[in-house]
Amino acid sequence: MMYRVALLLAAATASASPLVPREAPTSILPSGPETSGESKSVYNWSEGWETKYPIHESCNATKHAALEFALDETMQLAQHARDHLLRFGDKSDLVKKYFGNSSTAVPIGWFDRVVSADKSAMTFRCDDPDKNCATQDAWAGHWRGDNATQETVICDLSFQIRKNLFDVCAHGFTVANSALNTYWAVDLLHRVLHVPAISEELVHHYAEDYNDALRLAKEEPELTGYDSDILQMFAIDAWAYDIAVPGAGCTGTQEETEDEDEETSTATTTSASPTATGDDADDGDAGGENCHTHADGTAHCT
Ligand SMILES: *[C@@H]1O[C@H](CO)[C@@H](O)[C@H](O)[C@H]1NC(C)=O
Ligand SMILES: *[C@@H]1O[C@H](CO)[C@@H](O)[C@H](O)[C@H]1NC(C)=O
Ligand SMILES: *[C@@H]1O[C@H](CO)[C@@H](O)[C@H](O)[C@H]1NC(C)=O
Ligand SMILES: *[C@@H]1O[C@H](CO)[C@@H](O)[C@H](O)[C@H]1NC(C)=O
């Protein structure tokens, strides 16, 4: 090897020398100016493929760092959800529970888009262009809808309340009973699924809550792969069971519906539209109006 390199080097510097074999040099000689000029116009399929989530300059250094970390967790969460689906397919009880007998290819596709789709058209911003952070009660962020369909606003509140993935299953969290947006990664998964650059406007809200998700998997499995909450629940349940507390997780069971109604009536924070229509264009879709806060301070989202 060394001998060959030495020979070729000699060829480049002294091609006229009779000591150098004739056939060696041409392929490694410096190619000259005309080739580097040409390469600019050569088609490069991957140029401009932005797989990281862009963060707007309105996020100061602190928020940029927190958001970058949280978006990275979102990609880890989605990647694990995809890997669980690829590893086990419909042999997994978790997969059967959330997606019924529907094809795993649909959720695999969305999770893969969350990880690897081109994100150059979208952005996360920390200013408050629609004044929802300032005026709406307890909004932690919102999708800008018709005002800027690829943009998501993250309000100051998010930076105070969202938890990281290393806290999954801690502090009494259960998938069935706790707010999905307890964690940055799940909250941001929800938010990116509103953005057309990720969801192609095909992911919506069908299931109301955990029990309703289980019902949907049995009765209308073909919708489950397109349901934002089911994608979120599956992702955090798989993370909890496979990674946070291996072999145990923290699924829990949902309280009875009567209790839910009671609690809703005593909620300390309610919002303008408590229905699960989070994909309406004018819908703030924050930790916001799909959620209410119980008297004991826990948030619950439908
Ligand atoms: C094509 O573009 C990508 C992204 O900008 C770059 O990393 C890669 O080196 C380019 N490939 C070629 C052959 O120029
Ligand atoms: C960024 O803004 C937040 C509040 O909006 C503030 O607490 C924080 O100190 C700011 N960071 C920097 C580096 O200015
Ligand atoms: C899946 O389940 C639904 C609802 O139980 C049923 O109507 C449908 O025929 C099943 N599809 C397949 C491919 O087994
Ligand atoms: C879009 O902008 C209008 C006018 O500023 C505002 O009233 C509306 O709430 C905004 N929509 C969202 C989803 O923030």
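Each reported figure results from applying straightforward, stated rules to the coordinates on display, with no laboratory input. Just so it is clear, the model here is predicted, and its values are computed rather than measured. Neighbour counts are summed over all protein chains in view; Cβ atoms, including those assigned to glycine, are modelled from backbone coordinates with ideal geometry.
Summary of computed values
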| quantity | calculated |
| --- | --- |
| For segment 91-243, convex hull volume per residue from C-alpha positions, Å³ | 122 Å³ |
| Sequence-distant lysines (8 or more away, or on other chains) whose Cα lies within less than 25 Å of LYS63 | LYS52, LYS119, LYS131, LYS163 |
| Cβ-defined net charge surrounding PHE99, 15 Å radius [Lys, Arg +1; Asp, Glu -1] | -2 |
| Hits among lysines - C-alpha to C-alpha of LYS91 under 28 Å, sequence gap 8 or more where chains match | LYS218 |
| Protection-proxy order for peptides 188-194, 221-227, 249-255, each taking the mean of Cβ atoms within 10 Å per residue, highest first | 188-194, 221-227, 249-255 |
| Mean-position separation - Cα centroids, segment 130-145 and segment 57-118, in angstrom | 25 Å |
| Gained length - ASP90 relative to THR149, 0.36 nm times residue gap less alpha-carbon distance | 17.8 nm |
